[in-house]
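Here the structure comes first, spelled out in structure tokens, and everything after it is commentary.
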Amino acid sequence: MNTLKRIAIYLSLLGPGLITAMIDNDASGITTFSVAGARYGYSLLWTIIPTTIALIVVQEMIARMGIVTGKGLADLIRENYGVKNTFFLMLGLFFANLGTTVANFSGFAASMEILGVSKYLIVPTGAILIWLLISKGSYRFVERVLLSACILFVGYIISGIMAKPDWSEVVNNTFVPHIKFETEYLMLSIAIVGTTITPWMQFYFQSSIVEKGLKKSNFFITKAEIFIGSLVTVLISAFIIITCGAILYPAGIRITDASEVGIALKPFAGEYAKIIFAVSLANASILGAIIVPLASAYYICEAMGWESGVGKSFNEAPQFTWIYSIIIFISAVMVIIPGSPLILLMVLSSFGNGILLPFVLIYAISLVNKKALMGEYTNSRGYNIVSWTTICVLVLLSIGMLVSMYMQYTKTNSLFFLS
Amino acid sequence: MLQHKINIKETSGPMPIYGELFLSEILSKPIVDQEGDVLGKIKDIIVVKGEPLPIVKKIILSKNNTLYQLDYKNISIFNKRIIAAKIKADKLQPYIASDDDLLSVRDILDKQILDINGAKVVRVNDIRLQAYLGYIVFIAVDIGVRGILRRLGFEKKGHNFLKFFKLNLPYNLIRWDSLQPISPRLKSLSLKMPKLLLEHIHPADIADIISRLSRDEGAHFFKSLDNESAAETLSELEPETQGEIISSLKTERIVDIIEEMSPDDAADILNDLSRKKIREILDNLKREDADSIEKLLAHDSDSAGGLMTDEFLAYKPDLTVEEAMKRFKEDAHDVETIHYIYITDELEILLGIISLRDFLLSLPQCKMSEIMATNMKTLTPEDDEDIVAATFSKYNLVAMPVVDKEGHLLGIISVDDIIDVILPPRAKRKIKKI
């Protein structure tokens, strides 16, 4: 067996839990956390702990559903809630994923700008290459390589420590919420949850579990993976906030340009801070730009009963091909429009996911509590409490945000924020 | 008194369904009694096996959040506008959901079902009902976009919208008799014996279907196959799926299936099992079958030795074509690959090969040694499968002999064994979605 084959096999041993965790920090994630740290210092850190708990709980539910039923989430929703509910959910998912892909292409464009390559050149090229990779089905190996490159994010942890932040302040803000009733603040808090617990990732995660053929005997390992994966991903998120809070916030850098984020890595990478940041952002963006359109096409086709599968000709699987093609190309177009606010787009996509999340969670909770479906593996009281609390908090934050947006509008007659 | 003598036949009763009627068109619609008072809204339909199609037995309705059942005999009008019952509200029986009942919404709608003709798994978007001999039957299933639009309430608008562009919104219906239910609960509704239906699908397609179903559904579906189809299908499945299915079967069933396979395919399957399981199965097979398989198991599964089979035609060089022809007519039944006849001496050393073509076109009095080719390409049992594939590809061969160092003929590899190495079929390639 040659080395390449060996590497591929080794990487395929990575469980779904760990892979999902690595994909969690995509372009919109990195940007959201960076903006959060740059504009509000450490004061958004309190969202981290509740979000982590919610993440672990939700993923465990999803994994449990996948293992017990052996079916994907879209499949289950269709079979138990009928076509009307499924259709509207898929519609929402389509637009949310479109937003995520726009964010990924934005991240790609932004990272290339730092490296001095024009976005008008690199984005169309990237989009076409990604489209070809998917259509030919040869994205698999590329995916694995990109996944392993995600290790670059550890740079944020090192940077954060080297920046010597005021740890007492960090700890204070992590455990004591200092909520500011401002539109931007509330929007970012929703965005933080939305980018950590993305709706599409729950579908992805359950499908990976099903595909891997995991059985009830694998429960323990899967739970361990979820726990470790969630901790790692949230740790990285937290450190992005801390690092930007320690370096950019005092300097008043509000991040309207991606290159400004690179500065946060200076303590760790010095001269190369910007380059390392650009590379890790590009890496995460390309990975996301491959996975999200493909995943969307699979779930929507699975739910609607349409033929799916890469390597099938357009005539064999028309809706499948249309879906991922549209997502890729519309996203690319939106990003190359001159003057499109890349940073804003990335944060908006996290926000959109945060709004869609309660709906997906409601379906997931109802499914996981069905005795006919899950037998003895329905939710315990504790799980139900945590899940419902997450939904309530999200809804409250959304309402709060809309209210403050309204108040800001009447005061200043503008909706202009986040710029 | 006259009234008692008139026999009112029930079959002339309530069933005029005019035009097409889809389940989605009547769900949530009210049922009225003879006076026009609403009895309740239609929630579901209980359906039972009928000859030849499933028939509607009862309608489940809800009123004030309670469920009631209405026997179909008590229906007087049934069309997409009005559904009327013969009885009044006080005669309605309450209904408690039970697992023994087959409900159209709970158990069939939105579920996956197997389309035999298309050999694929489809999803039920809607069900078409029709009158038949005084009953209401499920005649077809709508798996197309039109069905989805109808469920969403946009069928007319969608149709008109497309008409504007001179496009058509086609129906995509599958008749119930070419469907095979997947979920175990629906087994009783299947039309013919599964075996008859599944005879029409190629095992490779069956394997494709099984790989798309969930683990339990796939195993359950596999159990309904007869031994011969099961044997062929099992060979076409991905190793992991093979393992899952085998672990769900009893040893006797596994033995029955293995007996239908040629030794090289059987060795492939057994290779991935635990030693104990292999021993168990081999002990239950016929002596010679077990021996053949064991010999093959001794080799590495991805080497020539692991790919070969010991079933081939071997004749002595001094046989005449006429004599060989007689033997051929008997032996060929038991051998999978007859493209070549191998000529061996009494020590089983390979001397030459004759293609079937040459064999059939030769004069009957020729000796086999006269028409055989001696410069044949051979493989050794240790050759890696990639070398085997490359050799087949280079020389455009259909079968190749495998010999040991002294030249003894150990077995043959046919092209269908190696074609899976050159291009693994879809069911065998892990259908990783993401």
Of the residues B:Asp226, B:Asp256, only one is modelled with pLDDT of 80 or more, surrounded by fewer than 19 Cβ atoms within 10 Å (Cβ to Cβ), more than 12 Å from the chain's Cα centre (by Cα) and of a type in the set (Asp, Glu); which? B:Asp256
Just to check your reading of the model, which residue among A:Ser135, A:Ser106 is assigned to a helix (DSSP H, G or I), among the polar types (S, T, N, Q), crowded, with 22+ Cβ neighbours inside 10 Å and modelled with pLDDT under 90? A:Ser106
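Each row is one residue, and each column tells you yes or no for (1) of a type in the set (Asp, Glu); (2) farther than 21 Å from A:Asp24 by Cα; (3) at pLDDT 85 or above.
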position	(1), (2), (3)
A:Ser331	no, no, yes
A:Val335	no, yes, yes
A:Pro338	no, yes, no
A:Val347	no, no, no
A:Ile355	no, no, no
A:Pro358	no, no, yes
A:Tyr363	no, yes, yes
Select from region B:150-174 the residues that are within 10 Å of chain A (Cβ to nearest Cβ) and not in a loop (DSSP other than H, G, I, E, B) and write down the one among them that is surrounded by the fewest Cβ atoms within 10 Å (Cβ to Cβ). B:Leu152
Tell me, which helices (runs of 4 or more DSSP H) lie completely within region A:206-276 with 3 or more residues that are out of contact with any Ser or Thr (no Cβ under 9 Å at 6 or more places or on another chain) and in contact (Cβ under 8 Å) with a residue 12 or more places away in the chain? A:219-247
Do you know which residues across region A:55-68 are among the β-branched types (Val, Ile, Thr) and either in contact with an Asp or Glu (Cβ under 9 Å, 6 or more places away or on another chain) or within 14 Å of chain B (Cβ to nearest Cβ) (or both)? A:Ile67, A:Val68
Every residue in region B:229-239 that is closer than 16 Å to B:Asp420 by Cα and in a helix (DSSP H, G or I), please. B:Glu232, B:Thr233, B:Leu234, B:Ser235, B:Glu236, B:Pro239
Which residue, of B:Gln34, B:Gln69, is farther than 22 Å from B:Arg150 by Cβ and loosely packed, with under 13 Cβ neighbours inside 10 Å? B:Gln34
Leading residue by the ranking (farthest from the other protein chains (Cβ to nearest Cβ)) among those in region B:124-140 that are under 20 Å from A:Met304 (Cβ atoms) and out of contact with any Lys or Arg (no Cβ under 7 Å at 6 or more places or on another chain): B:Arg128
Does A:Val154 satisfy the condition of being over 23 Å from A:Leu361 (Cβ atoms), more than 14 Å from chain B (Cβ to nearest Cβ) and without any contact (Cβ under 8 Å) to a residue 24 or more places away in the chain? no
Restricting attention to region B:341-351, does a residue exist that is closer than 25 Å to B:Ile258 by Cα and among the polar types (S, T, N, Q)? no
Yes/no for A:Lys71 being within 14 Å of chain B (Cβ to nearest Cβ), in contact (Cβ under 8 Å) with a residue 12 or more places away in the chain, assigned to a loop (DSSP other than H, G, I, E, B) and over 21 Å from A:Ile330 (Cβ atoms): yes
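Yes or no, residue by residue, for (1) modelled with pLDDT of 90 or more; (2) closer than 30 Å to A:Phe141 by Cβ; (3) touching a Gly at 6+ places or on another chain (Cβ under 9 Å); (4) away from chain A (no Cβ under 14 Å):
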| position | (1), (2), (3), (4) |
| --- | --- |
| B:Tyr342 | yes, no, yes, yes |
| B:Leu351 | yes, no, yes, yes |
| B:Ile354 | yes, no, no, yes |
| B:Phe359 | yes, no, no, yes |
| B:Glu370 | no, no, no, yes |
| B:Thr378 | yes, no, yes, yes |
| B:Met400 | yes, no, no, yes |
| B:Pro425 | no, yes, no, no |
Can you name the number of the only condition in (1) touching a Lys or Arg at 6+ places or on another chain (Cβ under 9 Å); (2) without any contact (Cβ under 8 Å) to a residue 12 or more places away in the chain that B:Lys250 fails? (1)
Yes or no: B:Ala97 within 19 Å of B:Gln180 (Cβ to Cβ) and either touching a Lys or Arg at 6+ places or on another chain (Cβ under 6 Å) or within 14 Å of chain A (Cβ to nearest Cβ) (or both)? no
Just to verify a result, which residue in region A:209-227, among those that are aliphatic (A, V, I, L, M) and farther than 19 Å from A:Gly29 by Cα, is surrounded by the most Cβ atoms within 10 Å (Cβ to Cβ)? A:Ile209
Any residue at all in region B:100-113 that is aliphatic (A, V, I, L, M), more than 10 Å from chain A (Cβ to nearest Cβ) and in a helix (DSSP H, G or I)? yes
From A:Ala224, A:Ala317, A:Ala278, A:Ala297, grab the single residue that is under 22 Å from the mean Cα position of the chain (by Cα), among the small types (Gly, Ala, Ser) and within 14 Å of chain B (Cβ to nearest Cβ). A:Ala297
Please specify each residue of region B:378-414 satisfying the condition of being surrounded by 15 or more Cβ atoms within 10 Å (Cβ to Cβ) and either β-branched (Val, Ile, Thr) or not assigned by TED's automatic domain parsing to the domain that holds B:Leu356 (or both). B:Thr378, B:Val388, B:Thr391, B:Val402, B:Val403, B:Ile412, B:Ile413
Considering only residues that are over 22 Å from B:Thr309 (Cα atoms) and assigned to a helix (DSSP H, G or I), which ones fall in region B:247-288? B:Ser247, B:Thr251, B:Glu252, B:Arg253, B:Lys276
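State yes or no: is B:Asp90 surrounded by 19 or more Cβ atoms within 10 Å (Cβ to Cβ) and either within 14 Å of chain A (Cβ to nearest Cβ) or without any contact (Cβ under 8 Å) to a residue 12 or more places away in the chain (or both)?
On the way: surrounded by 19 or more Cβ atoms within 10 Å (Cβ to Cβ): no; either within 14 Å of chain A (Cβ to nearest Cβ) or without any contact (Cβ under 8 Å) to a residue 12 or more places away in the chain (or both): yes.
No: the conditions fail for B:Asp90.
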Just wondering, is there one or more residues in region A:9-28 that are at pLDDT 90 or above and more than 30 Å from A:Asn172 (Cα to Cα)? no
For region B:291-409, which helices (runs of 4 or more DSSP H) that fit wholly inside it have 1 or more residues that are among the small types (Gly, Ala, Ser)? B:304-307, B:321-331, B:368-371, B:385-395
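The values are calculated or read from the model by the stated rules, or taken from the named source; none is laboratory data. Keep in mind that what you see is a predicted model, and the values were worked out from it rather than measured. Cβ sites come from the backbone with ideal geometry, for glycine too, and all protein chains shown count toward neighbours.
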